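Quick notes on the structure that follows.
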């Protein structure tokens, strides 16, 4: 039912996190016209980031071609229906941090942001605070001493926050299961001119991925923008969720956090 248009969305939706961007017409509905692209065609049309990873579903990282093939195979497999604010799963297991790690999510902010460095530091802190306020178990810790060497190779922090120049997304992040070499948050300058999407809420959305949360609009209730079924429900569907793209039949225009989001965080990590 979803072959062509779902695959087209997955490969091209990296642009969907841009303000005013329109979901490709090929992604608007789920229609099987009997001519699904081959994996080679799908791979060739999927955006590759500065570190060689593949970006799918707008701002999600696929580490290598083998993992991209597994992602493709899920997309063209049987469709299943589920409900909830949703956590990513790997082989059916929740993709989440341990209790010890989620209370010590250390990060640095690259000095390569230049004049915007302090702005990024503040936006990261306020974005992290959205999740920290939802659960006392979550603690993002900014390590300023690592800023001068803020890359994924710096082992004094869990992840790095670095600038990128791209027209493919405003920002992108990673999941707990993402390999260490790709555990970074990349931010384009367009974050400062994204209309009603504030830097705080954009980075709050990205840090939701860091915690393991998937895009809410992949659920069938959204009616569009399906991604895959590698997730587990935590709450009822929430079209206003911070993890729901507004342009994917979302009911919020600012990516703000909702009470349902809070309930989902508590369900996964505790109060």
All conditions in (1) more than 13 Å from residue 203 (Cα to Cα); (2) surrounded by fewer than 17 Cβ atoms within 10 Å (Cβ to Cβ); (3) in contact (Cβ under 8 Å) with a residue 12 or more places away in the chain are true of residue 125 except (1)
Unmet criterion (only one of (1) over 23 Å from residue 271 (Cα atoms); (2) outside any helix (DSSP H, G or I)) for residue 137: (1)
Can you tell me which residue in segment 159-168 is surrounded by the fewest Cβ atoms within 10 Å (Cβ to Cβ), limited to those that are at pLDDT 95 or above and closer than 21 Å to residue 243 by Cβ? 159
Can you find a residue in segment 105-115 that is free of Cβ contacts under 8 Å to residues at least 40 places away in the same chain, in contact with a strand residue (DSSP E or B) (Cβ under 9 Å, 6 or more places away or on another chain) and within 20 Å of residue 269 (Cα to Cα)? no
Lone unmet requirement of (1) under 22 Å from residue 231 (Cβ atoms); (2) more than 18 Å from the chain's Cα centre (by Cα) for residue 136: (1)
May I ask you to verify whether residue 8 is crowded, with 18+ Cβ neighbours inside 10 Å, modelled with pLDDT under 75, more than 23 Å from residue 208 (Cβ to Cβ) and touching a helix residue (DSSP H, G or I) at 6+ places or on another chain (Cβ under 8 Å)? yes
Restricted to segment 61-70, and to residues that are closer than 17 Å to residue 227 by Cβ, in contact with a helix residue (DSSP H, G or I) (Cβ under 7 Å, 6 or more places away or on another chain) and not in a loop (DSSP other than H, G, I, E, B), which residue is modelled with the lowest pLDDT? 69
Checked segment 233-245 for anything within 17 Å of the chain's Cα centre (by Cα) and surrounded by fewer than 18 Cβ atoms within 10 Å (Cβ to Cβ); matches are 233
Output the number of the condition that residue 210 fails; it satisfies all remaining conditions of (1) crowded, with 22+ Cβ neighbours inside 10 Å; (2) modelled with pLDDT under 95. (2)
Within segment 108-125, the residues that are within 12 Å of residue 144 (Cα to Cα) and over 23 Å from the mean Cα position of the chain (by Cα) are 111, 118
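Please go through segment 156-174 and pick out each residue that is in a strand (DSSP E or B) and without any contact (Cβ under 8 Å) to a residue 60 or more places away in the chain. Please lay out each step first, then the result.
In the first step, residues of segment 156-174 are kept if they are in a strand (DSSP E or B); the result is 159-163, 171-172.
Result: 159, 160, 161, 162, 163.
Considering each of 217, 205 in turn, give the residue that is within 14 Å of the chain's Cα centre (by Cα), assigned to a helix (DSSP H, G or I) and more than 21 Å from residue 107 (Cα to Cα). Walk me through how you get there before you give the answer.
Details: 205 fails: more than 21 Å from residue 107 (Cα to Cα).
On inspection, the qualifying residue turns out to be 217.
Out of all the residues in segment 71-93, is one or more in contact with a strand residue (DSSP E or B) (Cβ under 8 Å, 6 or more places away or on another chain), surrounded by fewer than 17 Cβ atoms within 10 Å (Cβ to Cβ) and either modelled with pLDDT under 95 or part of a helix (DSSP H, G or I) (or both)? First the steps, then the outcome.
Initially, segment 71-93 is screened for residues in contact with a strand residue (DSSP E or B) (Cβ under 8 Å, 6 or more places away or on another chain), giving 71, 82-89.
Subset that is surrounded by fewer than 17 Cβ atoms within 10 Å (Cβ to Cβ): 82-83.
Next cut, either modelled with pLDDT under 95 or part of a helix (DSSP H, G or I) (or both) only: 82-83.
Yes, the conditions are met somewhere in segment 71-93.
The values are calculated or read from the model by the stated rules, or taken from the named source; none is laboratory data. Everything numeric in this text was worked out from a predicted model, so none of it was measured. Because the Cβ atoms are built from the backbone with ideal geometry, glycine has one as well, and the counts that use them run over all protein chains shown.
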